[in-house]
Structures are given as structure tokens and as C-alpha cells.
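Asks: Dropping a structure here in C-alpha cells format, bear with me for questions.
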Amino acid sequence: MKSILGISAFYHDSAACILIDGKIVAAAQEERFTRIKHDPSYPHNAVEFVLRFAKLKLSEVDQIIFFEKPFLKFERLLETYVGFAPRGFISFAKAMPLWIKEKLFQKNLIYQKLREHDENYKSDENIFFSDHHLSHAASAFFPSPYDEAIVLTADGVGEWATTTVAIGKANKLEIKKEIHFPHSLGLLYSAFTFYTGFKVNSGEYKLMGLAPYGNPTYEDKIKKLIDIKDDGTFKLDQSYFNYATGLTMTNKKFSNLFGQNPRNPEKENITQFHMDIAASIQKVTEEIMIKLATSIQQEYNIKNLCLAGGVALNCVANGKILKEKIFDSIWIQPAAGDAGGSLGAALALWHIENGNKRTANPNDDMKGSYLGNEFSQKDIERELLSLGANFKTLDYEDLINKTSEILSNDKAVGWFQGRMEFGPRALGARSILADPRSENMQKNLNLKVKYRESFRPFAPSVLKEDLTDWFDIQDESPYMLFVSNVNSKKIINMTEEQMNLFGIDKLNVKRSEIPAVTHVDYSARIQTVSKNTNRRYYDLISKFKEKTGCPILVNTSFNVRGEPIVNSPTDAFNCFMGTELDYLVIGNCILNKKDQDKKLIKNYLNKFELD
């Protein structure tokens, strides 16, 4: 038995994974344990978890690999500062002390951190380093259902690369082309994330969600920032940006071009201007991704595409590539960001460096991305009792029947079952569920449960066999990474008067038979559910369909704004009590908010308001 521990850390979304004989056994993000969203620190808790799940001590692990090469990243920083000098001295002065103290000697830092897990771990000779974009590409290709594929990776920046094309075949993977920093599609999108008042490296999906409310009226101005070639390659005009050497993403020239300063989220509301900016950068991003996909398919003539890197989480762009039918099939790593780099590094070591054979699994090797923590019924009940919870324990059939009945009565349910998901999406293990037929559910969930912006859309989980009856998409989407339109037979066309409403006011218009998951442009971010990957969730949706005729549930991540997805029964109970969730279904236990201690509820609500 051979084991590999993969680690990503020290930028954002740190994580750990473990392979046994090349098979993915466990993977988790550190944020779920520390409750710090996008936690970049060394993933001590995640490493502890994957070791415990694999029943291994660290000293028993054969190889350990880090997802990128610190020296190459340091080289890029130095060359960038030299190239832009004297600009950027303040940024340089702030960055250097940390690099000189820790990051230049990262192997020693990692070794010392690893020693905390096991005092019998006494040598750093089994620690290896992968290339950042190779880690991404490996995370997309090796678990995919393909024997051969083109792998397109796009993110902010790794060591030097920002966009790469690789070819994977059997157990081989080779990067063929690269676009280098400072020319970056990920950083361009992040610049507009910053400009519209959202947080870089976490608010990009908000920008994507805002885009359908606007019109791409600034597309031509954005194209003054970026020179896009016919093959999708691009070059950014650095005179508009500040990210290479400064402390912000954009500069005054950028603001002058668009006519406004960056939005201050503490003082300024979102206006039509920001919606139009979002629509414009989304359209340009889609154009680049479609051109890149088209050109690499024509060059390499391979029918399958794999996607990874932060840009691969732009499910609207993914849906457009799919709709163009450039490739026969597309597979996207569900943990496409840096967290997935821990998995990709381990797989690259197993297949490329160690030379182990690979046979593609037609269903992929991600196990539905259910790779995290799980709790026994006994552990759940013990934890709930210690928290002062009042609950009933039901057998399986009664639990499914009761929960589907609750959902059909327009109630919001916290759903905590089985192993936690790996990656940013809740896929029916740590989810908040609701009835998609409800006209008020989107607004109520956003404001009363999630405590987040009202414009944010929710995703539908649909039974795989009912997909085409409700959505204009033929391909499965198990990881919620494709956006498609609602089937035309299910939509309700808006009147001209309704179409002219201010963007967010369109939320109040019923747009389809499933308004809670239908965005203002009639699109939806789809998750297909199969009995093979999540039987309990599949059975729940099936029972809901039996009661209502609708094979769909609203599915959003089990958390509130600013917090990671829940990891433990305690996290789930805290979120349940601190929000207006009606029920919590955890294991075989069911909790009704009305049965909980009123004083306890008040304490939790006060805590969430203070937070």
C-alpha cells in the first residue's frame, strides 16, 4: 500500500488530500475546521482529518507533495518589481520581510508544521513540490472520465503561468502552452470584482451573479484594457492596473476610463452602472474562453476538454462553451480553485513521476466530491444533546417522507448528511434546501437565512432523468458547474413593462414554474443528482417529486454570508439556531425550530447579529 499526502496552502483556500494506491480517499479545506473563510494557513486540521480517515500516521505516509514551487514564485515577484521600478516600492517593502522570513524556506516551514502531527516524522526527504498549473491540470485530467483530453487551466497566477493548455493521455500529462503574468484572465476578472465593491478571491461569483441584471454596454471600453487575438490569447495593458506592484487591483486611469471610482461597499449601493459593468466583463470573459476552447480543439483535434483553475468556477462561461458544442464532452474539477491543487499535486506525483498506470473511470474518480468529514448517528445525537437541542429520531423512510412534506409546505431546511463536499459547492451533503416553486423563496433565503445580497441566485438540484424536461441542457452537471436556460415550456415571459424594471426589482417577477431557481435571464446553475453518488439526496428529491410533481429542490450551501460551509453537527446547529431556517435534518434526526428553547434561539440570533 502506497500513500501520498497532497497539501495546498499560504495563499487562499488551503487544503489537504490523501491517496492510497492512487485512489482518492479523503480531501478537505482548512476553512471548514477553523471557520475562517478561504483560510490560507497551513492546513493542520485538514491534514489531521485525512490522516485519521485513512487510518495513517504521518510517519507512515510514503510521499508528501506541495502544490506549487515557492522559489519560482519568488523569482516572479522579484522580476516584476525590477521590471516596474520605481513603481511598487511600498508593495515590495511589505512583501519582502515575509518572503525572507518564511516563504523562501518553505520546505523547512512545511517540515516543521508536519512534525506537529507526528513526532516520529523525522526527515524531509519525502517532501516534493509540484508546479502550480500542473497541479491544477492534474486535478482536472486524472480524475476525469477520459483516457485522452485537452486540459485548459485559467486562474489569477501560479508561479509565472496564468493560463495553460495541457494534453493528457492515459497516465501522462504535458503542458504545451502558457500565458504568463501579468497577463491574466483571472486577475482581469478580479480587477472588476474589486472595482464593483466585492472582495477579491471570494467575490468573483457575486460579480457573475450580478451580470444578468445588466447590459454589456462597457464591452468596448473593456477591450481597451485587453488585446484579444482570434485564438483567444490576450495581453493586458498594465497602465490601467495596479495589481502587479501595488496594493489595489486598479488605478485612477482605470476609473477615469469607466467614469466612476471603485464602489465602497460600506457606503454605496449597487447601481445599474455596476450591473452593466458586471455584464460587460462577463461577456468578455466568455468570448475569451470560447475562443481559447475553439482554437485548442482545432489545433489538437481531441474531443474531450477538462477545465481547472479559478476561472473554471465561472459556470456561466462553462455553459456557453458547452452550448457551442466545441467538444464532445467537458469535465470540470469540482474543487477547481487552489484547494484542488492539493489533489492535483498528489495525482501528478502518482501518475507522472511515479509512473503508475491509469484507467479512466467512466463515472469519474471524484466520488461525487463527497470526500470530507462524516459523523455516525451516535456522534450526531451525542453532539446535539450536549448543545441542548430538542430533536426526534426517525427511521430512513419516515425521515425522507417527513422532510419532503416539510419542503412542500414552503419551509427552509438545513440538510446535513454523509460526507462533506470537497470544493466550494454544496452538493446535497451540507445544503440548505427549499421548494423551487415558491415565488418568495429566493428573497427570503437571501435576507433571512443566508444574510446576503438579495440579487444572489440559487441553484436547482434536479433528478438526472428529469433534466431535459426542465432545462435546455443534455449533459449531466453533477458538480453544479454549468449554467443553462430553463426549458422554454416552463418559463413565463416577462412583459415589456417588467423587462424595463430596475435590475434587482425583476426578482419580484415570477419568471417560470420554478421561480426560486430561475435567474432574471431565465438561466439556472444546475446540479444533476444520481442515485449512484448520493442515494439519500436522490431519494428525498424523488419523494418531493412524488408529492408535488416537481423533481427539483433549491440547493444552496449550508452557511451564512462570511462563513464557510458547515463541517460538524455543532456548526449546523449554530447556523440553524442563528437564522430563520425552519428545520434541521441531520443524520436521522429532525429538529423543528418551534421545538427549540426560546431563550436559546434568542441568544443565537443575537450572536449572529453581532457577528
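Asks: I'd like to compare 136-143, 593-600: which one has the highest average count of other Cβ atoms within 10 Å, and what's the full order after that?
Replies: Numbers: 136-143: 31.5, 593-600: 12.4.
Per-residue Cβ counts within 10 Å, averaged per peptide and sorted highest first, yield 136-143, 593-600.
Asks: Would you give the gap between the C-alpha center of segment 378-409 and the C-alpha center of segment 511-531, rounded to a whole Å?
Replies: Value for the Cα centre distance between the two parts: 27 Å.
Asks: Another question, then. Between Lys229 and Thr393, take the C-beta separation as r, use R0 = 41 Å, and let me know the FRET efficiency to the nearest 0.05.
Replies: Values: r = 62 Å, r/R0 = 1.50.
FRET efficiency, Lys229 to Thr393: 0.10.
Asks: I would also like to ask the following. Which order, highest average first, do 542-552, 162-172 follow once you tally other Cβ atoms within 10 Å for each residue and take the mean per peptide?
Replies: Details: 542-552: 18.1, 162-172: 20.7.
In decreasing order of mean packing, 542-552, 162-172 become 162-172, 542-552.
Asks: Keeping the other protein chains in place, figure out the carbon and sulfur percent of the accessible area of the chain, with a 1.4 Å probe. Kindly include the intermediate steps, with their values, before the conclusion.
Replies: Numbers: 12000 of 24830 Å².
Carbon plus sulfur share of accessible area: 48 percent.
Asks: Quick check for you: which residues of segment 160-188 have the amide N under 20 Å from the point 7 Å beyond the Cα of Asp147 toward its beta carbon?
Replies: Inside the label zone: 167-174.
Asks: How much area per residue is accessible in segment 429-482 when the probe is 1.4 Å and only protein heavy atoms are counted (Å²)?
Replies: Dividing the accessible area of segment 429-482 by its residue count gives 33 Å².
Asks: Under 37 °C and 0.692 mPa s, how fast does segment 270-402 diffuse according to Stokes-Einstein, given a Kirkwood radius computed over C-alpha pairs? Answer in µm²/s, whole number.
Replies: On the way: Rh = 19.4 Å.
Result for D is 169 µm²/s.
Asks: So how far, in whole Å, is the C-alpha centre of segment 310-335 from the one of segment 541-611?
Replies: After rounding, the separation between the Cα centres reads 31 Å.
Asks: Of the listed pairs Lys37/Lys531; Lys443/Lys547; Lys177/Lys283; Lys55/Lys303; Lys172/Lys291; Lys23/Lys176, which have alpha-carbon separations greater than 29 Å here? Could you put the intermediate results ahead of the total?
Replies: Details: Lys37/Lys531 31 Å; Lys443/Lys547 24 Å; Lys177/Lys283 24 Å; Lys55/Lys303 40 Å; Lys172/Lys291 26 Å; Lys23/Lys176 27 Å.
With Cα atoms farther than 29 Å apart: Lys37/Lys531; Lys55/Lys303.
Asks: How much length, in nm to one decimal, is gained on full extension between Phe273 and Glu178, taken as 0.36 nm per residue of separation minus their Cα-Cα distance? List each step's numbers first, then the result.
Replies: Values: separation 95, 0.36 × 95 = 34.20 nm, distance 3.42 nm.
Taking 0.36 nm per residue and subtracting the Cα distance, the gain is 30.8 nm.
Asks: Between Ile36 and Gln377, what length comes free when the chain is fully extended (0.36 nm per residue of separation minus the Cα-Cα distance, one decimal in nm)?
Replies: Details: separation 341, 0.36 × 341 = 122.76 nm, distance 2.68 nm.
Taking 0.36 nm per residue and subtracting the Cα distance, the gain is 120.1 nm.
Asks: Just the number, please: percent antiparallel of the DSSP beta bridges in the chain, rounded to the nearest 5.
Replies: Numbers: 56 of 78 bridges.
Rounded to the nearest five, the antiparallel share is 70 percent.
Asks: Ordered by packing density, taken as the mean number of other Cβ atoms within 10 Å over each peptide's residues, highest first, how do 475-481, 299-305 rank? Before the final figure, lay out each step's value.
Replies: Working: 475-481: 22.0, 299-305: 16.1.
Result, highest mean Cβ count within 10 Å first: 475-481, 299-305.
Asks: I would also like to ask the following. Starting from the Cα gyration tensor of segment 480-601, multiply each eigenvalue by 5, take the square root, and state the resulting semi-axes largest first in whole Å. Please list the in-between numbers first.
Replies: Numbers: eigenvalues 187, 83, 41 Å².
Working from the Cα gyration tensor, I get semi-axes of 31, 20, 14 Å.
Asks: Let me ask you something else. Can you tell me the FRET efficiency between Asp475 and Glu266 if r is taken as the Cβ-Cβ distance and R0 is 60 Å, rounded to the nearest 0.05? Provide the component values of the computation, followed by the final result.
Replies: Numbers: r = 42 Å, r/R0 = 0.69.
Once the sixth-power term is evaluated, E becomes 0.90.
Asks: What does the extension gain come out to for Asp62 and Leu257, with contour length at 0.36 nm per residue minus their alpha carbon separation? Show your work: numbers first, answer last.
Replies: Numbers: separation 195, 0.36 × 195 = 70.20 nm, distance 5.45 nm.
Gain on stretching Asp62 to Leu257: 64.7 nm.
Asks: Could you work out [θ]222 nm for the chain from helices alone, using -39500 (n - 2.57) per DSSP H run of at least four and dividing by all its residues? Round to the nearest 500 deg cm²/dmol. Walk me through the numbers before you get to the answer.
Replies: Values: 21 runs with 212 residues, N = 611.
For the chain, the value works out to -10000 deg cm²/dmol.
Asks: Name the lysines eligible as straight-distance cross-link partners of Lys253: C-alpha to C-alpha under 19 Å, and not fewer than 8 places from it in the same chain.
Replies: Within the straight-line cut-off, Lys253 pairs with Lys221, Lys223, Lys224, Lys235.
Asks: I've got another one for you. Given R₀ = 25 Å, FRET efficiency for Lys489-Ser454 by Cβ-Cβ distance, to 0.05?
Replies: Details: r = 28 Å, r/R0 = 1.12.
Efficiency for this residue pair is about 0.35.
Asks: Which aspartates and glutamates have a Cα lying under 20 Å from the Cα of Lys402, excluding residues fewer than 8 positions away in the same chain?
Replies: Glu381, Asp410, Asp435, Asp539, Glu546, Glu580, Asp582, Asp595
Asks: Moving on to the next point. Once you place label points 7 Å from the Cα toward the Cβ at Leu385 and Glu219, how far apart are they in nm?
Replies: About 6.3 nm, to one decimal.
The values are calculated or read from the model by the stated rules, or taken from the named source; none is laboratory data. These numbers come from a predicted model, not from an experiment. As a convention, Cβ positions derive from the backbone with ideal geometry for all residues, glycine included, and neighbour counts pool all protein chains shown. Heads up: the accessible areas ignore ligands, DNA and RNA and are worked out on the full protein's heavy atoms, side chains in. Shrake-Rupley method; radii C 1.70, N 1.55, O 1.52, S 1.80 Å.
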